[in-house]
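Please treat every number below as a calculation from the coordinates, not as lab data. Note that the structure is predicted; figures quoted are calculated from it, not measured. As a convention, Cβ positions derive from the backbone with ideal geometry for all residues, glycine included, and neighbour counts pool all protein chains shown.
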Amino acid sequence: MQEAKLVAEHLTRAFGEGESRTVAVRDVSLAICAGRFSVIVGPSGSGKSTLLALLSGLLRPDEGRVMPLGVDLWRLSDAERRRFRLEHYGFVFQGYHLFPSLNARQQLEIVLRWGQDLPPRQARDEAIEMLELLGLGKKGRLLPGELSGGEKQRVAIGRALVKRPSFFFADEPTSSLDWERGRQVIELLRDAAHERGAAVFLVSHDTRILPYADCIFRMEDGVVSEEEIR
Amino acid sequence: MWYAINSLRRETSRFGPAIVAVSACAMLLMVQISLFLSAMAYVSKPIAAADADLWIAHGDVASFDQGRPIPQRWLTRVAGDPAVASVEYYLMGLATLKKREGGSDTCTVIGVPLTEDSLGAGRMVLPSLRAKLRSPGAVAGDASELGRLGFTQYGYAGEVSGRRVDYVGCTYDFKRWTGPYVFCAIETARRLLPTIRPGETTYILARCHAPEQAAGVAARLRREFRGMAVYTRDEFIRGTQVHWFTRTKAGLMLLFVTVIGSVVALFVTSQTLYAATAAARHEYAVLDAMGIPRRRIAVAVLWQSIWVGLIAAILGTPASYFVSKMLDQAGVPSRFEPWLVVVGALMTITTAPISGLISLRSLQLIEPAELLH
C-alpha cells in the first residue's frame with residue numbers, strides 16, 4: 001500500500017447546542033493515499049459532506065486532527081492554512097459556481113493569476129492547455145451560460161486541477177448530470193488521481209461511481225461503517 | 001481590473017441596477033450641492049454685488065437680512081479714517097407689496113444711491129437702470145421674480161407700504177428664497193420703509209483706497225466704536241451665509257436636506273454595491289476554498305466599485321444638469337456650473353470606492369463550507 005498523504009484521526013463534529021445538538025461526524029479516522037481515487041458514499045444526512053469539509057480544512061473539528069502531508073492543519077494560523085490550501089488543495093462543488101462574466105478559459109486563468117501571480121500570457125497558455133486536456137479546447141471563449149451542465153462541471157474541474165493540487169476534493173460532482181456525462185466526469189477525476197498523482201476524495205450518494213473507486217468509505221450516522229481498499 | 005471590466009460588461013442584470021442607482025445618487029449629490037451652493041451665493045448676493053470693502057451695521061447684526069436702523073451720523077466715524085476713500089448709505093428692509101392685479105406679498109426693499117460710482121448699486125443695478133430708477137416711486141425687480149412681484153408691465157405696479165410704485169426695469173440673477181428684492185433709489189426707499197426714520201440708515205458702505213486696507217480699517221473702527229458692527233466684504237458674506245444656514249428655518253432645512261441627501265446617496269451606493277458583491281459570494285467562496293488571497297478578491301471588488309462610480313458620474317452629470325435647469329426655470333436658485341460637474345463627479349468617483357470598501361464586509365459572508373451540501 002502507498003504512503004498515506006492525508007491522515008485524519010478521531011474526527012468528531014457536532015452542530016447546535018443542548019437538545020438540538022446533532023453529531024454529524026463521530027470519531028472518524030481514515031487515511032487517503034496519493035494517486036488514489038477515494039469515494040465516500042452514504043445516504044443523505046450520513047455526515048459525508050461534513051467529513052469532506054473537515055478533511056479539506058474548511059471546517060474545524062470539535063475533536064481530532066487532520067494531517068495532510070504530515071501537517072496538523074488546525075495548528076496552522078488562518079493565513080498559513082489558506083496558503084496551504086492554495087498550494088495543495090483543489091475543490092469541485094455540486095453547483096459549479098462559475099463566474100457568469102468569465103468565459104471558460106478565464107475561469108481557469110483567474111486561479112492562476114490571483115492565486116499564483118502568473119503573468120497573463122502564461123496563465124492564458126496554461127488555461128488553454130488544461131481545457132484541451134479536458135476536451136474543451138474549442139469551448140474556451142464560451143461563457144457558463146453557453147455551456148452544457150457536463151461542460152460546466154469539466155470547467156470547474158479544470159479550475160481545480162490547473163494549479164496542480166496534491167489533494168482534490170469533490171462534493172457530489174455528478175449529481176446534476178445524466179449518467180453518461182457523470183461517467184465522463186468520474187473518469188476525469190480518476191485520471192487526475194492516477195496520472196497526476198493527486199489524492200482525490202469524492203463524496204457521492206451515487207453507487208454507480210463505486211466501480212471506478214480505488215478506496216471506498218461507507219458512512220452511516222456520522223460513522224465510517226465500512227472501508228474497502230482495492 | 002480585467003475581471004471588474006468583464007463583470008460589468010457581461011453581468012448587466014447584476015451591475016445594471018447598481019449603475020442606475022449610483023447614477024441617481026450622483027445626480028442627487030450634484031443637485032443637492034448645486035442647491036446648497038446656489039443658496040449660499042444668493043443669500044449674500046447683494047454684498048458680493050456691491051463695490052464696498054466695508055459694511056457698517058448695528059452691533060447686533062450678524063447677517064445681511066438682519067439689518068437694523070443705525071444713525072446716519074456714524075458715516076463721519078467711517079469717513080474720518082484716512083484709509084477710507086468713499087462712504088454712502090444703504091437702506092434695506094422688509095415691506096408689504098400690494099400687487100396691482102390683487103394679492104400681496106412680502107418683499108425686501110433695497111435702496112441705494114444711483115450715482116455713477118455708487119457702492120451699493122455696484123453690479124446689482126446696471127447704469128442703464130439707474131437713470132430709470134431716479135424717478136420718485138420707480139422700482140425694479142429681478143427678471144426671475146417678476147411674476148411673483150406682479151410686475152407684468154411697465155408703469156403702475158401696486159403699492160409698497162401704502163406708497164405707489166412704478167415698475168421701470170429689472171435686475172438679473174438676484175433671486176431670493178424668501179421675499180423677493182425690490183430695488184430703488186435711496187430716496188424712494190425712505191418712503192417705502194417707514195420704519196427707518198429720518199436720520200437713520202440700515203448700513204453704511206465704505207470703500208478703501210486699496211481693498212487690502214479694509215481689514216485694518218475694520219479693526220480700528222471696532223476698537224474705537226463699541227456697539228458698531230464693522231465687517232469686511234468677505235466677513236459679511238461669510239457671516240450672512242453661516243447665519244442663514246444655521247439660524248434660519250429655510251437654511252437649516254436646506255442644510256439638513258443636503259446632509260440627509262448626501263448620506264442617503266452614500267448609503268444607497270454602499271448597499272447597492274454590497275448587494276452586487278454579495279450576489280457573487282458563492283463564486284468568491286470557491287476561490288476562498290482554494291486559498292486565493294482575499295486581498296485579490298477585495299481588489300477586484302474595489303475595481304468594480306471604481307468603474308461603477310465612473311460610469312455613474314458620466315450618466316449622472318447630464319441628468320443633474322437637466323434637473324438643475326428645471327429647478328432654475330421653476331424659480332428655485334440652482335446653478336449648474338462646470339466646476340460642479342467636476343466636484344460631483346469626483347464625489348461620486350470617491351464615494352463609490354468608499355462604498356466598495358464598506359461593501360467588502362459582504363466578503364465576510366464567504367463561508368466555503370456552505371458550498372458543501
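Using a Förster radius of 22 Å, what is the FRET efficiency between B:Thr178 and B:Leu126 based on their Cβ-Cβ separation? Nearest 0.05, please. It would help to have the intermediate numbers written out before the result.
Numbers: r = 24 Å, r/R0 = 1.10.
Plugging the Cβ-Cβ distance into 1/(1 + (r/R0)^6) gives 0.35.
Between A:Asp62 and A:Leu133, what is the label-point separation in nm under the 7 Å Cα-to-beta-carbon projection?
Label at A:Leu133, label at A:Asp62, 4.0 nm between them.
Any idea what the dipole of the protein assembly as shown comes to, in debye rounded to 20, about its Cα centre with Lys/Arg Cβ at +1 and Asp/Glu Cβ at -1?
The dipole of the protein assembly as shown has a size of about 2100 debye.
Treating each Cα of region B:1-143 as an identical point scatterer and ignoring solvent, apply the Debye formula and state log10 I(q)/I(0) at q = 0.09, 0.14, 0.17 Å⁻¹.
Computed log10 I(q)/I(0) values: -0.50, -0.83, -1.12.
Under 18 Å from the Cα of B:Lys45, which aspartates and glutamates turn up, not counting those fewer than eight places away in the same chain?
Filter leaves B:Asp53, B:Asp65, B:Asp142, B:Glu145, B:Asp173, B:Asp234, B:Glu235, B:Asp328, B:Glu337.
May I ask what percent, to the nearest 5, of DSSP beta bridges between residues of the protein assembly as shown are antiparallel?
Antiparallel: roughly 65 percent of the beta bridges in the protein assembly as shown.
Taking the Cα centre of region B:15-169 as origin, work out the dipole magnitude from +1 charges on Lys and Arg Cβ and -1 charges on Asp and Glu Cβ, in debye rounded to 20.
In debye, rounded to 20, region B:15-169 gives about 400.
Lys/Arg Cβ at +1, Asp/Glu Cβ at -1, dipole of chain B taken about the Cα centre: which of B:Leu340, B:Ala95, B:Gly169 is farthest positive-ward?
About the Cα centre, the residue reaching furthest to the positive side is B:Ala95.
Stokes-Einstein diffusion coefficient for the protein assembly as shown at 10 °C in a medium of 1.306 mPa s, Rh from the Kirkwood formula over Cα pairs: what value in µm²/s?
53 µm²/s
Rounding to the nearest 20 debye, state how big the charge dipole of region B:250-373 is about its Cα centre with +1 on each Lys and Arg Cβ and -1 on each Asp and Glu Cβ. Show your work: numbers first, answer last.
Values: 7 positive and 6 negative charges, 33 e Å.
Charge dipole of region B:250-373: 160 debye, to the nearest 20.
Among B:Ala278, A:Leu73, B:Leu254, pick out the residue whose Cα is farthest towards the positive end of the charge dipole of the protein assembly as shown, where Lys and Arg carry +1 and Asp and Glu carry -1 on C-beta, about the Cα centre.
B:Leu254
Can you tell me which of B:Phe236, B:Phe225, B:Phe336 moves the most in a GNM of chain B? Springs connect C-alpha atoms under 10 Å apart.
Most flexible of the set in this elastic network: B:Phe225.
Work out Dmax and Rg for region B:165-292 from the C-alpha atoms and quote the Rg first, both in angstrom.
27.4, 88
Compute the acute angle (0 to 90°) between the alpha-carbon long axis of helix A:120-133 and the principal axis of greatest extent of the alpha-carbon atoms of chain A; round to the nearest 10°.
Rounded to the nearest ten degrees, it is 70.
Pick from A:Pro43, A:Pro68, A:Pro120: which is most flexible by mean-square fluctuation in a GNM of chain A where alpha carbon atoms under 10 Å apart are linked?
Judging by the Gaussian network model, the answer is A:Pro120.
Starting from 0.36 nm per residue, how many nanometres of slack lie between A:Glu227 and A:Asp191 once their C-alpha separation is accounted for?
Values: separation 36, 0.36 × 36 = 12.96 nm, distance 2.18 nm.
Full-extension gain reported as 10.8 nm.
If you build the convex hull over the alpha carbons only and average its shadow over all orientations, what do you get for region B:156-196? Give it in nm² to one decimal.
Reported value for the Cα convex hull: 3.5 nm².
Across peptide A:100-107, what mean number of C-beta atoms from other chains lies inside 10 Å of a residue's C-beta? Mind showing how you got there, number by number?
Numbers: counts 9, 14, 7, 2, 0, 0, 3, 2.
Taking the mean over all residues of the peptide, I get 5.
Starting from the Cα of A:Ala79, step 7 Å along the direction of its Cβ; do the same at B:Gln72; then give the gap between the two resulting points in nm.
About 8.1 nm, to one decimal.
Identify which of B:Leu287, B:Leu149, B:Leu29 has the largest mean-square fluctuation in a Gaussian network model of chain B, with springs joining Cα atoms closer than 10 Å.
Among B:Leu287, B:Leu149, B:Leu29, the largest GNM mean-square fluctuation belongs to B:Leu287.
Averaging the inverse of every distinct alpha carbon separation and then flipping it gives the Kirkwood radius. What is it for region A:1-149, in angstrom units? Let's see the in-between values first.
Working: mean 1/r = 0.0559 Å⁻¹.
Here the Kirkwood hydrodynamic radius works out to 17.9 Å.
Using just the C-alpha positions of region B:69-164 as equal point scatterers, what log10 of I(q)/I(0) does the Debye formula give at each q in 0.17 1/Å?
-0.85
Looking at region A:83-122, I'd like the Rg to Rh ratio, where Rg is from alpha-carbon atoms and Rh is Kirkwood's inverse mean 1/r.
Here the Rg-to-Rh quotient is 0.99.
What residues from region B:171-213 fall in the zone where the backbone N is under 19 Å from a label point 7 Å along the Cα-to-C-beta line of B:Arg238?
It comes to B:211-213, nothing else.
Using a 10 Å cut-off around each Cβ, can you sort B:Tyr42, B:Tyr154, B:Tyr231 from fewest to most neighbouring Cβ atoms? Write out the running numbers ahead of the final one.
Numbers: B:Tyr42 20, B:Tyr154 11, B:Tyr231 24.
Lowest to highest Cβ neighbour count: B:Tyr154, B:Tyr42, B:Tyr231.
Bins of 10 Å, beginning at zero and ending with the bin holding the largest distance: percent of Cα pairs per bin for region B:1-50, please.
Final binned percentages: 22, 26, 20, 15, 11, 5.
Note down the nm distance, to one decimal, between modelled labels 7 Å out along Cα→Cβ at B:Arg197 and at B:Leu346.
The modelled label-to-label distance comes out at 5.3 nm.
Quick one: 3J(HN,Hα) in Hz for region A:38-46, Karplus 6.51/-1.76/1.60 with θ = phi - 60°, rounded, Gly and Pro as x.
These are the phi-based 3J(HN,Hα) values: 9, 10, 10, 10, x, x, 4, x, 7 Hz.
Are there DSSP H segments in chain B that both extend 18 Å or more along their axis (alpha-carbon positions) and score a mean Kyte-Doolittle hydropathy of at least -1.0? List them, or say none.
B:12-43, B:249-278, B:294-329, B:338-359
Which value in Å is the Kirkwood Rh of chain B over different Cα pairs?
23.9 Å
Inside 10 Å of the C-beta atoms of A:53-59, what's the mean count of C-beta atoms belonging to other chains? Each step should come with its number before you reach the end.
On the way: counts 6, 1, 0, 4, 4, 9, 4.
That average works out to 4.
If you average 1/r over every pair of different alpha-carbon atoms in region A:136-179 and take one over that average, what Kirkwood value in Å do you get?
11.5 Å
Kindly write out, for region A:148-162 in residue order, the coupling ³J(HN,Hα) from the Karplus curve 6.51 cos²θ - 1.76 cosθ + 1.60 (θ = phi - 60°), rounded to whole Hz, with x marking Gly and Pro.
Karplus values, whole Hz, x for Gly and Pro: 6, x, x, 5, 4, 5, 5, 5, 4, 5, x, 4, 7, 7, 4.
Label point 7 Å out from B:His209 along Cα-to-Cβ: which residues of region B:32-71 have amide N under 17 Å?
B:53-54
Between their Cα atoms, which of B:Lys132/B:Lys249; A:Lys48/A:Lys152; B:Lys132/B:Lys325 are more than 28 Å away from each other?
B:Lys132/B:Lys249; B:Lys132/B:Lys325
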